[in-house]
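Undergrad: Next up is a structure, given as C-alpha cells.
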Amino acid sequence: MITETSRRDPFSLRGRTALVTGLANADSIAYGCASAMHDAGAELLLSYGHPKADKHVQPLAAALGGAEALLCDVQHEDQVAALFERVAARWGRLDVLVHSMAFAPKDDLHGRVVDSSRDGFALAMDISCHSFLRLARYAEPLMKEGGTLITLSYYGAEKVVDHYNLMGPVKAALESAVRYLAAELGPQGIRVHAISPGPIPTRAASGIAHFDRLLKSAAERAPLRRLAGIDDVGHTAVFLAADAGRALTGSTLYVDAGLNVRA
Ligand code: NAD
C-alpha cells in the first residue's frame, strides 16, 4: 500500500534533527555523515571528543549551516549530560543520533589479543562500545516519535583482520549491542544500525599498524575496485535515517565496495 508517509521524498531529512558525535577533522567518518545529513535537509548538532579538535571542527560546523559543535568526551558523564541538555533545550526532541568514535590504548592495540591488559580492554570497551548504550539511553526520551541510532563498526568484528587485534572483539560486542537495542527500542519506533565501512584513511585508522597495506589490498580486492569514502558512509546513514529505511533495524550494513563478500 502507498501511504501518505511514503509519498514524501523518502530520502529527505528535511525537518529532522540529528546529533552527530565523533568529529575530529574533515577526514572523520562523522563529518561524512554530518555533511550528507546537512545536504539531505537535517538540522545538526555536532560533538567532538577532544579539546584539541575544536579548531578543526568549528570551521566545518560553520560550513554546515552554522551548526553548533560542543566538546563531549564520553568518559565524562557531565559532558554527555550537557550535550543532551543542549539537544533538549534547542529542539525538545531528537530524530537521529550518530555514534562515531573508538579508542584503544596503543600497547593493547598493537599487541596480541591474548596479551591485552585488563584495563586496556575495559577502556576500549567503554569508549568504543558501552558509550553507544549511554548515548542511546539519553536519546531515548527525546525520540518521542521514533528515531534512528547509528554506530560505526568494522569487518574485524566478524573475521580476523591482521593488526585489528583488540578492536575485533570490541566491535563484535558493539554489533551485538545493536541487535539488542533494536529489539528493545523497536516497539517505540527507534531503529538501530551499525554501518561497517571498509578501510578509510582517518586519524583513528592511522593507529592501526600497517594500515596503508590494508588500504591498498582493499582497493585491489574489492569487487568495485575502489575504497568507500566518508561521503559513501554518509549517504548510507541518510538512507537509514530517512523514511526510505523505515522498515529496517538491527542490521550491520557494509559500505566497503563489496570487499566483505571476498574470501
Ligand atoms: P576519527 O579519528 O576521525 O574519529 C574517531 C573519533 O573518536 C574522534 O573524533 C575522537 O575524538 C573520538 N573519540 C575517541 N575517544 C573519545 C572519547 N573518550 N569521547 C568521545 N569521542 C572520542 O576516525 P574515524 O575513522 O572517523 O572513526 C570513527 C568510527 O568509525 C570509529 O568507531 C571507527 O572504529 C569506525 N571505523 C573506521 C574505519 C576506518 O577505516 N577509518 C573503518 C570502519 C569503522
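Undergrad: Got a sec? What order do LYS159, LYS106 fall in by accessible area at 1.4 Å, biggest, i.e. largest, first? Please report the intermediate quantities before stating the final value.
TA: Numbers: LYS159 105, LYS106 140 Å².
These residues rank, largest area first, as LYS106, LYS159.
Undergrad: Can you list the HN-Hα couplings for the range 115-127, worked out from phi with the Karplus curve (6.51, -1.76, 1.60; θ = phi - 60°), rounded to whole Hz and with x for Gly and Pro?
TA: Ordered by residue, 3J(HN,Hα) equals 9, 4, 6, 4, 5, x, 5, 5, 5, 4, 5, 5, 6 Hz.
Undergrad: Would you grab the residues whose amide H sits under 5 Å from the one on ARG16? Only those 5+ places off in sequence or on another chain, please, with H modelled 1.01 Å from N.
TA: Hits under the 5 Å cutoff: GLU43.
Undergrad: Tell me, what % of the accessible area of the chain is carbon and sulfur with a 1.4 angstrom probe?
TA: On the way: 6790 of 12500 Å².
The computed percentage sits at 54.
Undergrad: Counting only protein chains, not ligands or nucleic acids, how are VAL178, VAL114 ordered by accessible area (probe 1.4 Å), most first? Walk me through the intermediate numbers first.
TA: Working: VAL178 0, VAL114 110 Å².
Descending accessible area places them as VAL114, VAL178.
Undergrad: Roughly how much of GLU220 is accessible, in Å² to the nearest 10, using a 1.4 Å probe?
TA: Accessible area, nearest 10 Å²: 100 Å².
Undergrad: Can you list the residues, at least 5 places off or on another chain, whose amide H is less than 5 Å from the amide H of THR148, using H built in the peptide plane?
TA: Answer set, sorted by chain and number: VAL96, LEU97, ARG191.
Undergrad: Counting only pairs 8 or more residues apart or on different chains, how many lysine pairs in the chain have their Cα atoms under 21 Å apart?
TA: 4
Undergrad: Separate question: With every protein chain left in place and a probe of 1.4 Å, what is the accessible surface of MET125, to the nearest 10 Å²?
TA: Surface open to solvent at MET125 totals about 50 Å².
Undergrad: Shifting gears a bit: Any idea what angle helix 54-63 forms with the longest principal axis of the chain, computed on alpha-carbon atoms, 0 to 90 degrees, nearest 10?
TA: That works out to roughly 40 degrees.
Undergrad: Using helices alone, I'd like the mean residue ellipticity at 222 nm for the chain: each DSSP H run of four-plus residues gives -39500 (n - 2.57), total over residue count, nearest 500.
TA: Numbers: 10 runs with 104 residues, N = 263.
My calculation for the chain gives -12000 deg cm²/dmol from helical runs alone.
Undergrad: With a 10 Å radius around each residue's Cβ, average the other Cβ atoms per peptide and rank 140-150, 65-75, highest first.
TA: Packing order, densest peptide first, comes out as 140-150, 65-75.
Undergrad: So how do HIS235, HIS38 rank on accessible area, 1.4 Å probe, biggest first, that is with the largest at the start?
TA: Numbers: HIS235 110, HIS38 60 Å².
Accessible-area ranking of HIS235, HIS38, largest first: HIS235, HIS38.
Undergrad: Here is a further query. What figure in square angstrom, to the nearest 10, would you give for the accessible area of TYR180 with a 1.4 Å probe?
TA: Solvent-accessible area, nearest 10 Å²: 150 Å².
Undergrad: What share of all Cα pairs of the range 1-123, in percent, falls into each consecutive 5 Å distance bin?
TA: P(r) over the range 1-123, rounded to whole percents: 2, 10, 18, 18, 16, 11, 9, 7, 5, 2, 1, 0.
Undergrad: Per 0.36 nm of contour for each residue apart, how much would the distance between TYR180 and ALA244 grow if the chain were fully extended, relative to their Cα-Cα spacing? Walk me through the numbers on the way to the answer.
TA: Working: separation 64, 0.36 × 64 = 23.04 nm, distance 2.24 nm.
Result for the pair: 20.8 nm of gain on full extension.
Undergrad: By how many degrees, 0 to 90 and rounded to 10, does the Cα axis of helix 167-185 deviate from the longest principal axis of the chain?
TA: Here the helix axis deviates by roughly 20 degrees.
Undergrad: Might you report the magnitude of the Cβ-based charge dipole of the chain about its Cα centre, with Lys and Arg at +1 and Asp and Glu at -1, to the nearest 20 debye? Don't jump to the answer; show the numbers that get you there.
TA: Details: 27 positive and 29 negative charges, 94 e Å.
In total the dipole reaches around 460 debye.
Undergrad: Kirkwood-based Rg over Rh for the range 12-261 (C-alpha set), two decimals? Walk me through the numbers before you get to the answer.
TA: Working: Rg = 17.0 Å, Rh = 18.0 Å.
Looking at the range 12-261, the ratio lands at 0.94.
Undergrad: Quick one: compute the contact order of the chain, relative version, from alpha carbon pairs under 8 angstrom and 6+ residues apart, as a percent. Mind dumping the intermediate values first?
TA: Details: 510 pairs, mean separation 56.4, N = 263.
Normalised by residue count, the contact order of the chain is 21 percent.
The values are calculated or read from the model by the stated rules, or taken from the named source; none is laboratory data. Nothing here was measured: the structure is a model prediction, and the numbers come from that model. All Cβ positions, even for glycine, are placed from backbone atoms using ideal geometry, and neighbour counts span all protein chains on display. Ligands, DNA and RNA are stripped out before the accessible areas are found, and what is left, the full protein with its side chains, is counted by its heavy atoms. Shrake-Rupley method; radii C 1.70, N 1.55, O 1.52, S 1.80 Å.
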